[in-house]
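Undergrad: Mind looking over this structure? Questions follow.
The values are calculated or read from the model by the stated rules, or taken from the named source; none is laboratory data. Computed from a prediction, not measured in an experiment: that's the story for all the values here. Glycine gets a Cβ as well: all are built from the backbone with ideal geometry, and neighbour counts include every protein chain shown.
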Amino acid sequence: MAGSITSRSILMNQLATGNGFLFPFSSTGASGTAAATASGYFSFALCANKNGTTYPTTLVGLPIPAPAKLRMVFGTFSSASSGRACYLCNAYQIGTVNLTATGSQLTHTTATLPMTRTVFGQGSTAIPLLPLILVTTATATTAPAFTMNYTNQDGGVVTGTKTFTFPGAATIAGSGYIIKTEDGDSGVQDISAISVVTAGTAGAATIYGLEFYEIVNTAFSSIASTCDSVFSGIGLMNMIPSSPTGGTITSLLTTLEITGANGYSGVYVGVSDT
Amino acid sequence: MGITSYDGLISQFSNGTFASYPLWDDQGVTVSSANGFGAIGRLGYCKQLPNPLPSGVTGYIATKISLTASSAYAALVGWQVNLGSFNVSTASFTAGSSMPTRTELGTSNVLSSPLFIECSTGFAAGGTPGTITVTYTSQAGTAGQTLTQILPASLALRSVALGVLSGTDTGVQSISGVTVSGQVSPPTGIVTFYGMIPITIMPISASSPLLDNLITQHFNPMSMPAGFNIAVYCWASNQLAKGLFGEIIVVGNS
Amino acid sequence: MGNVLTSLDNMLSQATSQGLFSRFVYQNINNNTTNATSTCGYTTARRFPATITVPTLGGSVTGAYLVGFRMASAQSGPFIVGFETLLGSLTVSTNSFTAGSTLPSRIVNGTGSAQQLASIMPIVAIGTTITATSPVLTVTYTNQAGTGARTCTMTLPTSSAAMSEFLMSPHLQGTDTGIRSVSNISISTGSAGVINIYGIIPLAVQGSVSGPDPIPTPFPLIELLGGDVLSFHSYNVIATDIAISNIVLVGEN
């Protein structure tokens, strides 16, 4: 179905005539335990709306209106720390994990995955997500380890062979990592099982699937960087969340911070599209 | 008709004729550093785009990419072509594809690429894998060119070497054969030969994604048919295990 | 259609209708090159051995412009890609000169009539390693204004290695800034080697291992024709190196 935005001038007219969204925001996260090789190399904080969020257990997503499509056009992001990169992204809650017992410990969302949206003009197409595990209760005594069974980015069913091991026996709450997938896999459509092979005496986590909207690199502390999704890397992503195949799923608009947890402040702008 | 304007790109986004794909890879092993292997690493694939092309789409154009890795590099991103493979223990070559033909500046040309020699099945310990001689057709269409490459013992999975081409050759169009010499009780293992059609060369900052704009920054809106993986090769600062993640956006050409 | 460089839309349209030329280009410097001195260019430089020849232009394409350049190597940058003209060669053992070409006239930045080009980046390139002790090289040339019989005198390092490059611009006569052509090359001593003089029209520069593109570029965009040679250069390093560059050409019609 043809969209309504077919030129730069129409895009600007939409903003001028109220068919868009501008929102100043502030997100918050918390420092986690630094990642290691066995926990996916990268440390993340999934920073949610500052007001109302009790990190990491109660996350309030950044607000967006609800037209059918809202094209991301522009954003400014500022961090209290320098050199922090950030993805504005939707985080879909795939499930929760108990890290205090071995065996299958994933409680899957009641929604049926994959998440779908229009891809290359084809409606209801399964989309790949990046699997992020966010520790909600600190681990204790032993660093838990698990393998993941999942449906990969191509719809293939995979029994994972790579063991994800938390970086510390006491991995603190708020720590976030990307879960290892098999060689050649770049994302997941769904997760069917988390098999805990080494349990701690404490620990719980939530698994989110991430869909990226825009990236910005805040080079200097407290100096805003901008992302222009029209001209400086065209990527007019639809910020309205994708849809599960069935049921409903918790979906949060968040800022994914890498190697830090200060959160961001700034403004994001979107344009309504039909 | 094809995309002939920037507004045309905007329209494709508006009507949903695009996709965003995560790039995530875990090179969970230390790659070998010997005989040219190790200077370059293969660090990730994108989900293979729909094949055949979706209805209404005549090709794929990458418009934006962001990448980071757990160690800093420069990254080569491109559409990957499997030029063939060599089974070390059986000393046998399996032919792959040739670099494709496309219209460039109004003329039909066979593309060419540097040769990425990647260990696709790690070598078992023991034995001497030998030295391979690769016979290829050069970027100029000259057949029968050769290069040699020592295969180190115990070559680790995902170790990559750039083939040292003959004379002033700049690329390979195809591989016609691979022979081996100097083997002693050769181990099991496979090396696969890849060519790459450019998307970009971009810097990678450790743990901080950088953005490359493939229209107004590095103008390269090449429309590719279906059937090609997007792959990332990196100049490696070390051979240790490392991770990569990011995102690439691909627009469907009309 | 109009000039391809007048708008991004024109570039996209040409890319679709005529096809871009885009390649990864492999380079191998398999020997250490030679450091420059203050008598031969000041800045250590080298010319990668593999060049790219602009392919035959077809369809309605009348010229091409370099609109994308990136380079990565195990060594650091900066890197330059340029349109290269062989101005002349010298066989050291016989001190004999072989004439090359004069820089051509070309349309600049897509507008106006063709301009006589002159190189602000003329180079002495060691084609094969020379055997000579501190040789004095004298190049007789026509400068950017068309004045002939000008001379450039440089003292090269002893036995400079193949692929070494020495920048001529600090040693041009008087206030000269560029070279159109070379009429003679001679050397004071030496028993082996080949020296080439190239006039480089720089098209794009990259500051480090990977960096910004030539759009925007500080260099004028010269219309390229089928058969034109593009060469690649790096600076401040003499160690062996493997490099890959990506160049992108868009057609004009």
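Undergrad: Between B:Thr135, B:Thr170, which is surrounded by 20 or more Cβ atoms within 10 Å (Cβ to Cβ) and on the phi < 0 side of the Ramachandran plot? Talk me through it step by step, then tell me what you get.
TA: Working: B:Thr135 fails: surrounded by 20 or more Cβ atoms within 10 Å (Cβ to Cβ).
The conditions single out B:Thr170.
Undergrad: Every residue in the stretch A:203-260 that is among the charged types (D, E, K, R) and crowded, with 22+ Cβ neighbours inside 10 Å, please.
TA: Within the stretch A:203-260, the subset among the charged types (D, E, K, R) is A:211, A:214, A:228, A:257.
Within the stretch A:203-260, A:Glu211, A:Glu214, A:Glu257 qualify.
Undergrad: If I ask for residues that are at pLDDT 80 or above and assigned to a strand (DSSP E or B), which ones from the stretch B:27-37 would you list?
TA: B:Ala34, B:Phe37
Undergrad: Sticking with this structure for a sec: Looking at the structure I just gave you, is C:Arg70 closer than 30 Å to B:Asn213 by Cα, among the basic types (Lys, Arg), out of contact with any Lys or Arg (no Cβ under 7 Å at 6 or more places or on another chain) and within 11 Å of chain B (Cβ to nearest Cβ)?
TA: Values: closer than 30 Å to B:Asn213 by Cα: yes; among the basic types (Lys, Arg): yes; out of contact with any Lys or Arg (no Cβ under 7 Å at 6 or more places or on another chain): yes; within 11 Å of chain B (Cβ to nearest Cβ): yes.
So C:Arg70 passes the test.
Undergrad: Taking C:Thr39 as meeting all but one of (1) surrounded by fewer than 22 Cβ atoms within 10 Å (Cβ to Cβ); (2) under 23 Å from C:Tyr26 (Cβ atoms), write down the number of the exception.
TA: Evaluating C:Thr39 over (1) surrounded by fewer than 22 Cβ atoms within 10 Å (Cβ to Cβ); (2) under 23 Å from C:Tyr26 (Cβ atoms) leaves (2) as the failure.
Undergrad: Filter the stretch C:52-91 for residues that are surrounded by fewer than 23 Cβ atoms within 10 Å (Cβ to Cβ), assigned to a loop (DSSP other than H, G, I, E, B), of a type in the set (A, V, I, L, M, F, W, C) and modelled with pLDDT of 90 or more and give the result.
TA: C:Val54
Undergrad: Here is a follow-up. Out of the stretch B:200-240, which residues are over 19 Å from the mean Cα position of the chain (by Cα), assigned to a loop (DSSP other than H, G, I, E, B) and within 10 Å of chain A (Cβ to nearest Cβ)? Step through it out loud before you land on a result.
TA: At the first step, the residues of the stretch B:200-240 found to be over 19 Å from the mean Cα position of the chain (by Cα) are B:205-211, B:213, B:215-217, B:219, B:238, B:240.
Imposing the further condition that a residue be assigned to a loop (DSSP other than H, G, I, E, B) reduces the set to B:207, B:209, B:215-217, B:219, B:238, B:240.
Of everything in the stretch B:200-240, those that are over 19 Å from the mean Cα position of the chain (by Cα), assigned to a loop (DSSP other than H, G, I, E, B) and within 10 Å of chain A (Cβ to nearest Cβ) turn out to be B:Ser207, B:Pro209, B:Ile215, B:Thr216, B:Gln217, B:Leu240.
Undergrad: Looking only at the stretch B:2-10, decide whether some residue is within 10 Å of chain A (Cβ to nearest Cβ), without any contact (Cβ under 8 Å) to a residue 40 or more places away in the chain and acidic (Asp, Glu).
TA: Yes, the stretch B:2-10 contains at least one residue that is within 10 Å of chain A (Cβ to nearest Cβ), without any contact (Cβ under 8 Å) to a residue 40 or more places away in the chain and acidic (Asp, Glu).
Undergrad: Select from the stretch B:177-196 the residues that are part of a strand (DSSP E or B) and crowded, with 22+ Cβ neighbours inside 10 Å and write down the one among them that is nearest to the other protein chains (Cβ to nearest Cβ).
TA: So in the stretch B:177-196, the residues part of a strand (DSSP E or B) come out as B:177-181, B:184, B:190-196.
Imposing the further condition that a residue be crowded, with 22+ Cβ neighbours inside 10 Å reduces the set to B:178, B:191, B:193-196.
Values: B:Val178: 18, B:Val191: 16, B:Phe193: 14, B:Tyr194: 11, B:Gly195: 8, B:Met196: 6 Å.
Among them, the one singled out is B:Met196.
Undergrad: Go through (1) more than 14 Å from every other protein chain (Cβ to nearest Cβ); (2) closer than 22 Å to B:Gly41 by Cα for B:Ala156 and report which single condition fails.
TA: With respect to (1) more than 14 Å from every other protein chain (Cβ to nearest Cβ); (2) closer than 22 Å to B:Gly41 by Cα, B:Ala156 is out only on (1).
Undergrad: Could you pull out every one of the strands (runs of 3 or more DSSP E) wholly within the stretch B:38-138 that has 2 or more residues that are within 14 Å of chain C (Cβ to nearest Cβ)?
TA: Values: elements: B:40-45, B:59-69, B:73-87, B:92-95, B:101-104, B:107-110, B:116-121, B:131-138.
Ranges flagged: B:40-45, B:59-69, B:73-87, B:101-104, B:107-110, B:116-121, B:131-138.
Undergrad: Of the conditions (1) in contact (Cβ under 8 Å) with a residue 12 or more places away in the chain; (2) under 18 Å from C:Tyr198 (Cβ atoms), C:Ala64 fails just one. Which one is it?
TA: Among (1) in contact (Cβ under 8 Å) with a residue 12 or more places away in the chain; (2) under 18 Å from C:Tyr198 (Cβ atoms), the lone unmet condition for C:Ala64 is (2).
Undergrad: So, of the residues in the stretch C:124-168 that are surrounded by 23 or more Cβ atoms within 10 Å (Cβ to Cβ), of a type outside the set (Val, Ile, Thr) and touching an Asp or Glu at 6+ places or on another chain (Cβ under 9 Å), which turns out to be nearest to C:Leu86 (Cα to Cα)?
TA: Here the residue is C:Ala125.
Undergrad: When you check C:Ala125 against the structure, is it at negative phi, in contact with a Gly (Cβ under 7 Å, 6 or more places away or on another chain), in a strand (DSSP E or B) and within 14 Å of chain B (Cβ to nearest Cβ), yes or no? Quick ask: steps written out before the conclusion?
TA: Details: at negative phi: yes; in contact with a Gly (Cβ under 7 Å, 6 or more places away or on another chain): no; in a strand (DSSP E or B): yes; within 14 Å of chain B (Cβ to nearest Cβ): yes.
Spelling it out, it is not the case that C:Ala125 is at negative phi, in contact with a Gly (Cβ under 7 Å, 6 or more places away or on another chain), in a strand (DSSP E or B) and within 14 Å of chain B (Cβ to nearest Cβ).
Undergrad: Check the stretch A:214-222 and report whether any residue there is over 30 Å from C:Leu8 (Cα atoms), at pLDDT below 95 and not polar (S, T, N, Q). Spell out how you get there, then give the answer.
TA: We begin by selecting, within the stretch A:214-222, every residue over 30 Å from C:Leu8 (Cα atoms); these are A:220-222.
Restricting the remaining residues to those that are at pLDDT below 95 gives A:220-222.
Imposing the further condition that a residue be not polar (S, T, N, Q) reduces the set to A:220.
Yes, because at least one residue in the stretch A:214-222 is over 30 Å from C:Leu8 (Cα atoms), at pLDDT below 95 and not polar (S, T, N, Q).
Undergrad: Restricted to the stretch A:22-48, and to residues that are closer than 17 Å to A:Gly176 by Cβ and of a type in the set (S, T, N, Q), which residue is nearest to the other protein chains (Cβ to nearest Cβ)?
TA: Narrowing the stretch A:22-48 to residues closer than 17 Å to A:Gly176 by Cβ: A:27-48.
This time we only want the ones that are of a type in the set (S, T, N, Q), so: A:27-28, A:31, A:33, A:37, A:39, A:43.
On the way: A:Ser27: 17, A:Thr28: 20, A:Ser31: 15, A:Thr33: 15, A:Thr37: 5, A:Ser39: 10, A:Ser43: 8 Å.
So the residue we want is A:Thr37.
Undergrad: Would you be able to tell me the number of residues in the stretch B:193-218 that are touching a Gly at 6+ places or on another chain (Cβ under 6 Å) and under 17 Å from C:Ser245 (Cβ atoms)?
TA: Step one: filter the stretch B:193-218 for residues touching a Gly at 6+ places or on another chain (Cβ under 6 Å), giving B:193, B:196-199, B:208-209, B:211, B:213, B:218.
If we keep only those that are under 17 Å from C:Ser245 (Cβ atoms) too, we end up with B:196-199, B:218.
Number of matching residues: 5.
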